[in-house]
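Student: Pasting a structure here, questions to come.
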Amino acid sequence: MDAASIAAAVAGRRSTARDVVAQTLDRIARTDGRINAFTDVLGARALARAEALDAALGEGATAGPLAGVPFAVKNLIDVAGLTTRAGAKINRGHPQAQRDGALVRRLEAAGAILVGALNMGEYAYDFTGENIHDGDAHNPHALDHMTGGSSSGSGAALAAGMVPLTLGSDTNGSIRVPAAFCGCFGLKPTYGRLSRAGSFPFVGSLDHLGPMARGVADLTLAYDAMQGPDPDDPVATPRAAEPVLPVLESGIDGLRIAVAGDYFARGGDPDAFAAVARVAQALGAGRTVELPEAHRARAAAYLITAAEGATLHLDRLRTRPGDFDPAVRDRLIAGAMIPAPFVERAQRFRRWYRDAVLDLFGGVDVILAPATPCRAPKGGQTHFVLDGVSLPVRANIGVFTQPISFIGLPVVAVPVRLDDGLPLGVQVIAAPWREDLALRVARYLERAGICTAPIAELT
């Protein structure tokens, strides 16, 4: 059942929050042994909160928009009583969180019920969904394939039908990649739109938190509940909440929709571009635009990611190098050796690139681009072949996502199925603070049957 239906049933007293949570916990217990999406299941906490919600509703309390909706969060978001692992062995020695992260508190204020914490790539420096400490998450559509990362458990738990709503983080593509590989919807909001307070950082100038769901209405319900300024996050915007749900069904009439060309039309599997073409056709998008110097934007994003990430982890690299995933450790060490002038040049380019891309939105409202260059690779696969060239998986899955998050644009990743094979994803990109436009387009595509996110049939 989707989040909106659950909330309506609980609010209308046709179902109890306790029954919903009990069924969710049972589904997790029966399913997660094959998926490995969860690192922690919070049964006692969830049931207690559900019972308290049922009692309050029975006494006439007003139901929140997410009343009784179970959700789970990537384990880099603080949960009171749990150690915030961020997918790492080293963090397991940290004290337990004393308070839930800001977005957890906001979802629960809207009536949602936290049921657990989710697997992820170590320190969010991952596109595969593989983790040597907690075990790899498995793609519910094909258990021997990757989920994508680093929000691996967030995508897998949705695709397996364990929960209707999850939270992930996205620095270079970590919501959009698992959304594409697992066949669900994901929202990377404008940089600064949603609070990151109470989460373990990766790259402060690139980090975003956002929701993932199997439907656009659910994605929007969660997004609306989490909006608003937060003095505990220094980059969170002071803008007041701008609810999208009231305009979600407005359609696409009058919207100027274009397809990203050049860089975003090469360097991928033909199916990745076929997915974009299908979405473009459904939207009547015949125009192509070019994001200037997108290849340099990706290179600059790599530099800034490596340098900022290395600075954050420098003490850990010095004292506990053997406790890192070697693939993560080695990239961080390389980042620590990048000369400062290179990083400064990347930041100057970033400012130029942002201005150049924002100029494009003077003539278009939404831009379409592939989410990944291919479908989900097999677990353990280290390379894939594109145009006859063998490329490392970890380094190249984010080829189309990095130039977008690099300047903090809002994106909805929408799932597309071309055949009976694994899903693909398309990015629906809007100008800063126009999440409403990207969500309206995603909803139109969902209602047209172009982008849907069915629960995987586990065998």
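Student: On the given criteria, is ILE338 touching a residue at least 12 places away in the same chain (Cβ under 8 Å), in a loop (DSSP other than H, G, I, E, B) and of a type in the set (Val, Ile, Thr)?
Tutor: yes
Student: Same structure again: Taking region 405-459 only, how many residues are assigned to a loop (DSSP other than H, G, I, E, B) and either under 27 Å from GLN227 (Cβ atoms) or in contact (Cβ under 8 Å) with a residue 24 or more places away in the chain (or both)?
Tutor: Qualifying residue count for the region: 23.
Student: I would also like to ask the following. Conditions: (1) part of a helix (DSSP H, G or I); (2) within 30 Å of THR220 (Cα to Cα); (3) not aromatic (Phe, Trp, Tyr). LEU332 meets all but one. Number of the miss?
Tutor: (2) is the only condition that LEU332 fails.
Student: If you check every pair at least six apart or on different chains, which have Cβ atoms under 9 Å apart with a residue in region 300-312 that is at pLDDT 95 or above first and a residue that is part of a helix (DSSP H, G or I) and hydroxyl-bearing (Ser, Thr, Tyr) second?
Tutor: ALA300/TYR353; ALA301/SER405; GLY309/TYR123; LEU312/TYR123
Student: Just wondering, is there one or more residues in region 290-311 that are assigned to a strand (DSSP E or B) and either surrounded by 20 or more Cβ atoms within 10 Å (Cβ to Cβ) or not acidic (Asp, Glu) (or both)?
Tutor: Scanning region 290-311 turns up no residue that is assigned to a strand (DSSP E or B) and either surrounded by 20 or more Cβ atoms within 10 Å (Cβ to Cβ) or not acidic (Asp, Glu) (or both).
Student: Sticking with this one: Kindly evaluate SER150 against the criterion of being at pLDDT 95 or above and either surrounded by fewer than 24 Cβ atoms within 10 Å (Cβ to Cβ) or in a loop (DSSP other than H, G, I, E, B) (or both).
Tutor: yes
Student: Hey, does region 340-359 have a residue that's crowded, with 20+ Cβ neighbours inside 10 Å and among the small types (Gly, Ala, Ser)?
Tutor: yes
Student: Considering each of LEU42, LEU53 in turn, give the residue that is touching a strand residue (DSSP E or B) at 6+ places or on another chain (Cβ under 8 Å) and either over 15 Å from ALA112 (Cβ atoms) or surrounded by fewer than 24 Cβ atoms within 10 Å (Cβ to Cβ) (or both).
Tutor: LEU42
Student: When region 378-402 is examined, which residues are found to be touching a helix residue (DSSP H, G or I) at 6+ places or on another chain (Cβ under 8 Å), surrounded by fewer than 20 Cβ atoms within 10 Å (Cβ to Cβ) and in a loop (DSSP other than H, G, I, E, B)?
Tutor: GLN381, THR382
Student: Now a separate question. Could you grab me the full set of residues in region 164-217 that are aromatic (Phe, Trp, Tyr) and either surrounded by fewer than 24 Cβ atoms within 10 Å (Cβ to Cβ) or over 18 Å from PRO370 (Cα atoms) (or both)? Talk me through it step by step, then tell me what you get.
Tutor: We begin by selecting, within region 164-217, every residue aromatic (Phe, Trp, Tyr); these are 181, 185, 191, 200, 202.
Of everything in region 164-217, those that are aromatic (Phe, Trp, Tyr) and either surrounded by fewer than 24 Cβ atoms within 10 Å (Cβ to Cβ) or over 18 Å from PRO370 (Cα atoms) (or both) turn out to be TYR191, PHE200, PHE202.
Student: Restricting attention to region 9-21, report how many residues are surrounded by 15 or more Cβ atoms within 10 Å (Cβ to Cβ) and in a helix (DSSP H, G or I).
Tutor: Final tally of qualifying residues: 7.
Student: While we're looking at this one, here's another question. Could you check region 238-266 and list, in sequence order, the residues that are part of a loop (DSSP other than H, G, I, E, B), in contact (Cβ under 8 Å) with a residue 60 or more places away in the chain and within 23 Å of the chain's Cα centre (by Cα)?
Tutor: Within region 238-266, ARG239, GLU242, VAL244 qualify.
Student: While we're here: Residue by residue through region 349-403, note down the ones that are charged (D, E, K, R), in contact (Cβ under 8 Å) with a residue 60 or more places away in the chain and out of contact with any strand residue (DSSP E or B) (no Cβ under 9 Å at 6 or more places or on another chain).
Tutor: Passing the criteria: ASP387, ARG394.
Student: Which count do you get for residues in region 49-59 that are in contact (Cβ under 8 Å) with a residue 60 or more places away in the chain and outside any helix (DSSP H, G or I)?
Tutor: Count: 0.
Student: Something else now. Sort out which residues of region 406-422 are closer than 26 Å to PHE202 by Cα and not hydrophobic (A, V, I, L, M, F, W, C), and write them in order of number.
Tutor: GLY408, PRO410
Student: Give region 224-256 a look and list any residue that's under 27 Å from ALA285 (Cβ atoms) and not acidic (Asp, Glu), or say none.
Tutor: Once the filter is applied, which keeps residues that are under 27 Å from ALA285 (Cβ atoms) and not acidic (Asp, Glu), region 224-256 yields PRO243, VAL244, LEU245, PRO246, VAL247, LEU248, SER250, GLY251, ILE252, GLY254, LEU255, ARG256.
Student: Within the group ASP126, ASP100, ASP144, which residue is touching a Ser or Thr at 6+ places or on another chain (Cβ under 7 Å) and among the acidic types (Asp, Glu)?
Tutor: That would be ASP126, the only listed residue that is touching a Ser or Thr at 6+ places or on another chain (Cβ under 7 Å) and among the acidic types (Asp, Glu).
Student: Looking at GLY111, is it in a strand (DSSP E or B), modelled with pLDDT of 95 or more and buried (at least 24 other Cβ atoms within 10 Å of the Cβ)?
Tutor: no
Student: Within region 259-288, work out how many residues are closer than 15 Å to VAL366 by Cβ and in contact with an Asp or Glu (Cβ under 9 Å, 6 or more places away or on another chain).
Tutor: Here the count works out to 4.
Student: Write out, first by first residue and then by second, each pair whose Cβ atoms fall under 8 Å of each other, whose residues are 6+ apart or on separate chains, and whose first residue, in region 26-48, is at positive phi while the second is modelled with pLDDT of 95 or more and among the acidic types (Asp, Glu).
Tutor: Qualifying pairs under 8 Å: ASN36/ASP134; ASN36/ASP136.
Student: Contact list please: Cβ distance under 7 Å, first residue in region 268-296 and over 30 Å from ASP355 (Cβ atoms), second residue in a loop (DSSP other than H, G, I, E, B) and among the basic types (Lys, Arg), pairs at least six apart or on different chains.
Tutor: Taking only residues 6 or more apart or on different chains, the pairs are ASP271/ARG375.
The values are calculated or read from the model by the stated rules, or taken from the named source; none is laboratory data. Everything numeric in this text was worked out from a predicted model, so none of it was measured. Reconstructed Cβ throughout: ideal geometry from the backbone, glycine too, with neighbour counts over all protein chains shown.
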